[in-house]
Amino acid sequence: MKTPVKLGAFGLGLAVVFTAALGLGSAVGPAPAPAATHESHSEAGGHEEAATGTVPAGLQVAQDGFRLLPVTTELSTGGARPFAFRILGPDGAPVTRYTTSHDKDLHLIVVRRDLSGFQHVHPTLAADGTWSIPLAVSSPGQYRVFADFQPTGHANGITLGVDVPAPGDYQPRPLPAPARTSTSTVDGYQVTLTGDLTPGGSSKLTLSVSRDGLPVTDLQPYLGAYGHLVALRDGDLAYLHVHPDGTPGDGRTPAGPEVTFYAEVPSAGSYRLYLDIQHAGAVRTAEFTVVAGPPAPTPTTTPSAAAPQPSESGHDADGHTHK
Ligand SMILES: [Cu+2]
């Protein structure tokens, strides 16, 4: 889809820590875009001024007068059921007008608190301001639901988060070990991550996509970009949403095999990265665990490279991903 015109508005979820790092060059139309600057977001209001201090996005259920209010209070593990919620504005009424960002008025991220079960979906807005989407999660537990949006007339994007349970027997999974390659044994895709996350600094991340050993050079734009990357901080699920350097159709951005991002993480620690790409008509998610800064002390229960790990965590630690 050639809809780069919409990209100029995308400030969603980009905490201030990311804005300087994006270089998304929001190529609005044919005019030479001021690449690598975020002034091009000015039509969206320049979101840097809106950051709430240094608090990362997604940690609050309310911010800037806006509040995320679930209508559905449980998630279903038994097949898709409607999940509904509203965004209440400063006047207490549901928000019904949004600024489109990356082809959507609102992006919904659902992930279990242990960072498993990631979903990135796009609900539908009813006239009364109720968002809804059929949703199922694969296993019980406490889930974090992020709404990433920009109310019309508001200067910046906002990401609110709320916990919603999926009742049942919760079996937490350990965070998969850091890995540079995410491999799908089902359909032959492999995504390799190059680059490091540096706390407080801009970090270049390159994700290289191959299939059956061959570089993928015909990635398809998905929501106006060749890739969407969400990073969640282990421990509190601070939310970071970044987009690639370059825009499909800007004449300088190849359709793979490499997709480059600039990211800035707010602290040392472990992060789970979720890369959504589209190829051959399907959206796939590659996941990685990345440690920013000095590695945290290793818990004694964490399998080390020297010690063969028990099988129960082996499935989670293979860096796997596409779904
Ligand atoms: Cu989205």
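The values are calculated or read from the model by the stated rules, or taken from the named source; none is laboratory data. Please read these numbers as outputs of a predicted model, since none were measured by experiment. When we count neighbours, we look across all protein chains shown, and the Cβ atoms used for this are built from the backbone with ideal geometry, even at glycine. Please note that ligands, DNA and RNA were not included when accessible areas were found on the heavy atoms of the full protein model with its side chains. Shrake-Rupley method; radii C 1.70, N 1.55, O 1.52, S 1.80 Å.
Before moving on, here are some points about what is shown:
- A count restricted to the range 240-267 and to residues that are touching a residue at least 40 places away in the same chain (Cβ under 8 Å) and either within 13 Å of residue 224 (Cβ to Cβ) or open to solvent by 50 Å² or more (accessible area, probe 1.4 Å) (or both) stands at 9.
Let's see how each residue does on (1) surrounded by 21 or more Cβ atoms within 10 Å (Cβ to Cβ); (2) in a loop (DSSP other than H, G, I, E, B); (3) free of Cβ contacts under 8 Å to residues at least 12 places away in the same chain:
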| residue | (1), (2), (3) |
| --- | --- |
| 133 | no, no, no |
| 148 | yes, no, no |
| 159 | yes, no, no |
| 174 | no, yes, no |
| 179 | no, yes, no |
| 204 | no, no, no |
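- For the range 86-98, the set of residues classified as away from the ligand (no atom under 16 Å from the Cβ) and among the hydrophobic types (A, V, I, L, M, F, W, C) consists of 88, 93, 95, listed by residue number.
- Any hit, the range 74-85, residues being within 15 Å of the ligand (Cβ to nearest atom), within 22 Å of residue 232 (Cα to Cα) and either part of a loop (DSSP other than H, G, I, E, B) or open to solvent by 20 Å² or more (accessible area, probe 1.4 Å) (or both): no
- Residues of the range 118-131 that turn out to be open to solvent by 50 Å² or more (accessible area, probe 1.4 Å), of a type outside the set (A, V, I, L, M, F, W, C) and within 16 Å of the ligand (Cβ to nearest atom), as a count: 1
- Residue list for the range 99-117, restricted to those being surrounded by 19 or more Cβ atoms within 10 Å (Cβ to Cβ) and within 16 Å of the ligand (Cβ to nearest atom): 99, 100, 101, 102, 104, 105, 106, 107, 108, 109, 110, 111
- Note on the range 268-281: residues that are surrounded by fewer than 20 Cβ atoms within 10 Å (Cβ to Cβ) and within 16 Å of the ligand (Cβ to nearest atom) total 2.
- Test result for residue 271, in contact (Cβ under 8 Å) with a residue 60 or more places away in the chain and more than 21 Å from residue 180 (Cβ to Cβ): no
- If you check 89, 141 for being surrounded by 22 or more Cβ atoms within 10 Å (Cβ to Cβ), at pLDDT 95 or above and over 23 Å from residue 264 (Cβ atoms), only one passes: 141.
- Tabulated pairs, the range 92-107, first outside any loop (DSSP other than H, G, I, E, B), second open to solvent by less than 50 Å² (accessible area, probe 1.4 Å) and near the ligand (Cβ under 8 Å from one of its atoms), C-beta under 6 angstrom, 6+ apart or interchain: 104/122; 107/148
- Only one of the listed residues (192, 198) is surrounded by 15 or more Cβ atoms within 10 Å (Cβ to Cβ) and within 15 Å of residue 271 (Cβ to Cβ). That residue is 198.
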